[in-house]
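Below is one structure; the comments refer to it alone.
The values are calculated or read from the model by the stated rules, or taken from the named source; none is laboratory data. Everything numeric in this text was worked out from a predicted model, so none of it was measured. FYI the Cβ positions are ideal-geometry reconstructions off the backbone, even for glycines, and counts take in every protein chain you see. SASA here: full protein model, heavy atoms, side chains in, ligands and nucleic acids out. Shrake-Rupley method; radii C 1.70, N 1.55, O 1.52, S 1.80 Å.
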Protein chains: 2
Amino acid sequence: METKTRYDIPCNIAQSLNIIGDRWTLLIIHEILVGHTLFNEIKKSLKGISSNLLSERLKYLEQHGLVETELYSEHPPRYCYKLTESGKELEDVFNALIIWGSKHLKKCYKKIIDAETGDEVEIGYYSKKTGERVKRIAVVPIGEEIESK
Amino acid sequence: METKTRYDIPCNIAQSLNIIGDRWTLLIIHEILVGHTLFNEIKKSLKGISSNLLSERLKYLEQHGLVETELYSEHPPRYCYKLTESGKELEDVFNALIIWGSKHLKKCYKKIIDAETGDEVEIGYYSKKTGERVKRIAVVPIGEEIESK
DNA sequence: ATACTTAGTTAAAAAAATCAACTTTGTATA
DNA sequence: TATACAAAGTTGATTTTTTTAACTAAGTAT
């Protein structure tokens, strides 16, 4: 029991995938993000998922702090599922996948545009300090600093 | 044989995950992206992966045009694995995962900074047309246009 | 009292991943 | 010349995970 196979690799990507990389998991989080918060709403939106798997995934995500339950009816006691901040912050991951898909899928369903102008958008990297667009990024190990050029 | 279980959901995310969402797949692509192009290099970097699975995943990714092989030695004929453009363009997905991980993992290994200033970066969206940063994005179904406010 | 709905649970079957040993082709070494 | 070694896998058995399908429990509605 409880013998989850997890990646034992010292890398943000692998460790993040240990939380959100199981089959169906990202799709479940995405359904909640777009407003489907009831068990059966999620189930109906995700054609092919089974009750037991959805139930198990929701529990796992709750344990890991991405999802929380909220009582929405007292008298048949009923809970809905909400995303926590860390769940909501997967939005950039979803958008990156949507944009990748819009370029590379044979059949594509969605694109991402500027809500004001309707222009198509791309992903960029911006300095947290100045808000300026960053020309070149570097992935660095935590603890180390980059040598200044 | 060859009965892959795939998501049958009309959504860029689900369809993208049908290509890159299997266990180990994103990690394999990432290893190639960071320069590990030989079968055994990838295998050694990904502690726990088995030869048969790596072999199968590489074939699948090649079929789907994310990876290609290149002869790097004639006389023991040896191939290395390279990413195609569509494979390389997963970089934003990796970066989104690295950034999410750097905020939410208990133990975090990497962060992303401005290569010039060392400032930490965040993800933003810019217009393909003007290059300006976009304040609010909208995910829209393909084919439809958004009503202008 | 009977049927229906929401939100699951349980158990068996099927599919996928892991583990471990083996193969093939070629190189290097004693 | 034989022996060991390495790269790049393949094969088959075992284990884990997912799917399928039927069932349950608590409350509502007719």
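Within the stretch B:1-59, count every residue that is out of contact with any helix residue (DSSP H, G or I) (no Cβ under 6 Å at 6 or more places or on another chain), of a type in the set (Ser, Thr, Tyr) and not in a helix (DSSP H, G or I).
Result for the stretch B:1-59: 4.
Name the single residue, out of those in the stretch B:1-17 being within 10 Å of chain A (Cβ to nearest Cβ) and within 11 Å of DNA strand C (Cβ to nearest atom), that is modelled with the lowest pLDDT.
B:THR5
Name every residue in the stretch B:45-70 that is among the hydroxyl-bearing types (Ser, Thr, Tyr) and more than 8 Å from DNA strand D (Cβ to nearest atom), in order of residue number. Spell out the reasoning first.
Start the filter on the stretch B:45-70 by keeping residues that are among the hydroxyl-bearing types (Ser, Thr, Tyr), which leaves B:45, B:50-51, B:55, B:60, B:69.
Passing the criteria: B:SER45, B:TYR60.
For the condition more than 7 Å from chain A (Cβ to nearest Cβ) and not in a loop (DSSP other than H, G, I, E, B), what is the one hit in B:GLY101, B:GLY87, B:GLY131, B:GLY124? Spell out the reasoning first.
On the way: B:GLY101 fails: more than 7 Å from chain A (Cβ to nearest Cβ); B:GLY131 fails: not in a loop (DSSP other than H, G, I, E, B); B:GLY124 fails: more than 7 Å from chain A (Cβ to nearest Cβ).
Of B:GLY101, B:GLY87, B:GLY131, B:GLY124, the one residue that is more than 7 Å from chain A (Cβ to nearest Cβ) and not in a loop (DSSP other than H, G, I, E, B) is B:GLY87.
Given (1) touching a residue at least 40 places away in the same chain (Cβ under 8 Å); (2) assigned to a loop (DSSP other than H, G, I, E, B); (3) among the aromatic types (Phe, Trp, Tyr), identify the lone condition not met by A:TYR81.
If we test A:TYR81 against (1) touching a residue at least 40 places away in the same chain (Cβ under 8 Å); (2) assigned to a loop (DSSP other than H, G, I, E, B); (3) among the aromatic types (Phe, Trp, Tyr), just (2) comes out false.
Pairs, please: C-beta under 7 Å, at least 6 apart or cross-chain, first residue in contact (Cβ under 8 Å) with a residue 12 or more places away in the chain and in the stretch A:124-139, second of a type in the set (Ser, Thr, Tyr)?
The qualifying pairs are A:ILE137/A:TYR125.
Please find, within the stretch B:24-60, the residue that is least open to solvent (accessible area, probe 1.4 Å) out of those that are within 12 Å of DNA strand C (Cβ to nearest atom), without any contact (Cβ under 8 Å) to a residue 12 or more places away in the chain and within 10 Å of chain A (Cβ to nearest Cβ).
So the residue we want is B:GLY48.
If B:GLU74 satisfies every condition in (1) away from DNA strand D (no atom under 11 Å from the Cβ); (2) open to solvent by 60 Å² or more (accessible area, probe 1.4 Å); (3) touching a Lys or Arg at 6+ places or on another chain (Cβ under 9 Å) but one, which is the exception?
(3)
Please enumerate the residues belonging to the stretch B:104-118 that are acidic (Asp, Glu) and either assigned to a loop (DSSP other than H, G, I, E, B) or modelled with pLDDT under 95 (or both). Walk me through how you get there before you give the answer.
Taking the stretch B:104-118 as the starting set, the residues that turn out to be acidic (Asp, Glu) are B:114, B:116.
Residue satisfying the conditions is B:GLU116 alone.
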